[in-house]
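The structure appears right after this line, and notes come after that.
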Amino acid sequence: MNLVDGIEAFVKIAELGSFAAAARELNISPSAVSKLVSKTEEELGTRLLNRNTRGLSLTQEGEMFLERCRVILNELKSAKEELSSISCEPRGKLRVSMPNMPSFFVPLISRFIELYPAVMLEVDLSDRLVDVVDEGFDAVIRVGHLSDSRLTARSLGNCPMNLVASPEYLKRYGTPSCVDDLSSHSCIQYRYPSSGRTEPWPLLNAGAGDINIIPAVVCNSTDIRLGLALNGKGIVFMPGLLTEKYLASGELEIVLGDIVGRSYDMNIVWPTNKYTTPRLKSFVSFMVENFNLS
């Protein structure tokens with residue numbers, strides 16, 4: 001038996017929770033997965049999994065072995081990637097995570113695919129705080145800096161934030177002239193997926209800073225909030241990278257522009273030990289060159 005195959009099968013079972021799910025991921029039969037794990041247990045002389053009618057769980061030895069296995073597989077993957085980097089053409093799988101803003105990222109992803117057809121992108125669109133290393137991402141685009149010594153980052157620019165609404169909405173309900181006027185308007189607020197908290201609006205009201213909004217709509221999708229604003233359903237606090245083209249076309253207008261008190265740094269972050277691969281270098285360079293926050 002190839003011990004590496006047994007280790008990979010064991011890790012997949014631990015991560016996915018069943019032989020069937022691991023088998024689908026590894027593209028082999030559940031019985032083959034079971035045999036690989038049994039052979040691994042036999043070779044190690046200890047039981048790694050508790051198997052019963054209620055499902056699977058790791059033994060104490062299995063928990064200890066799992067952490068070592070992840071390190072082994074990551075090191076093996078890095079070694080393979082270093083050897084493959086001898087070839088100059090970017091190719092292979094690249095797992096990336098980006099904020100859940102399809103209208104902004106789809107054109108970027110499309111251009112990258114056209115330039116590097118041999119790279120297979122696996123894209124996670126999510127606003128949650130991901131663990132770049134432990135979740136196996138090659139690169140992550142996020143607001144702000146992730147404080148982790150295992151990571152390297154490059155700036156993609158500074159993203160201004162805007163309060164916006166459609167001309168139709170403002171014509172119907174009036175344009176707010178001060179922060180207090182927002183209490184009589186339909187405000188569409190964002191809820192953070194990770195914490196469940198609503199996003200504060202950093203409006204400068206005589207030095208008061210963030211203010212509490214009583215929202216008419218709360219939503220965890222940036223694109224849906226943008227769509228509601230475009231359809232005249234209220235005022236929304238949005239990244240400028242999403243509102244720029246609609247402000248230029250007149251479909252949206254800035255509200256209380258002189259008292260919005262925040263902008264965000266956008267960064268691309270990756271595990272330091274992965275930057276040897278041509279596909280990751282190409283992806284980072286592409287994003288730095290094409291991420292337009294003007």
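Pull up the cross-link candidates among the aspartates and glutamates for Lys39, meaning alpha carbon to alpha carbon under 13 Å and not fewer than 8 places away within one chain. Within reach: Asp5, Glu8. Taking label points 7 Å from Cα along the Cα-to-Cβ direction, Glu168 and Ser38 give a separation of 6.5 nm. Model label sites at Leu108 and Ser194, defined 7 Å from Cα along the beta-carbon direction, differ in position by 1.8 nm.
The string of couplings for the range 168-173 from the Karplus curve (6.51, -1.76, 1.60, θ = phi - 60°) is 5, 5, 5, 5, 6, 10 Hz, one whole number per residue in order, with x for Gly and Pro. For the range 3-84, the spherically averaged projection of the C-alpha convex hull amounts to 5.5 nm². Ellipticity at 222 nm from helices only: DSSP H runs of n ≥ 4 in the chain, each -39500 (n - 2.57), divided by the residue count, give -12500 deg cm²/dmol. Taking a straight Cα-Cα cut-off under 29 Å and skipping sequence neighbours fewer than 8 places away in the same chain, the lysines within cross-link reach of Lys233 are Lys171, Lys245.
Tell me which trypsin sites (Lys or Arg not before Pro) from the range 108-144 have a DSSP coil assignment and no more than 16 other beta carbons within 10 Å of their own. Write out the running numbers ahead of the final one.
Values: sites: Arg111, Arg128, Arg142; in loops: Arg128.
The qualifying sites are Arg128.
Using the alpha-carbon atoms, what tilt in degrees (0 to 90, nearest 10) does helix 30-44 show relative to the longest principal axis of the chain? Helix 30-44 sits at roughly 60 degrees to that axis.
Overall, the chain carries a charge dipole of about 440 debye about its Cα centre when +1 sits on the Cβ of Lys and Arg and -1 on the Cβ of Asp and Glu, all other atoms neutral.
Here each label is just a point 7 Å from Cα along the line to Cβ, and for Glu61 and Cys178 those points are 7.3 nm apart. At q = 0.09, 0.11, 0.17, 0.19 Å⁻¹, what log₁₀ I(q)/I(0) does a Debye calculation on the Cα points of the range 91-293 give, no solvent, two decimals? Debye curve over Cα of the range 91-293, log10 I(q)/I(0) at q = 0.09, 0.11, 0.17, 0.19 Å⁻¹: -0.39, -0.57, -1.14, -1.32. Eigen-decomposition of the gyration tensor built on the alpha-carbon atoms of the range 231-294 gives equivalent ellipsoid semi-axes of 34, 14, 10 angstrom, largest listed first.
Normalised by residue count, the range 50-143 yields a Cα convex hull volume of 156 Å³ per residue. Within the set Lys12/Lys281; Lys93/Lys274; Lys12/Lys77, which residue pairs have Cα atoms separated by over 24 Å? Too far apart for the 24 Å limit: Lys12/Lys281.
Where a number appears in this text, it was derived from the coordinates with a stated rule and is not lab data. A quick note: this is a predicted structure, and the numbers were derived from the prediction, not measured. So basically every Cβ, Gly included, is an ideal-geometry build from the backbone, and we count neighbours across all protein chains shown.
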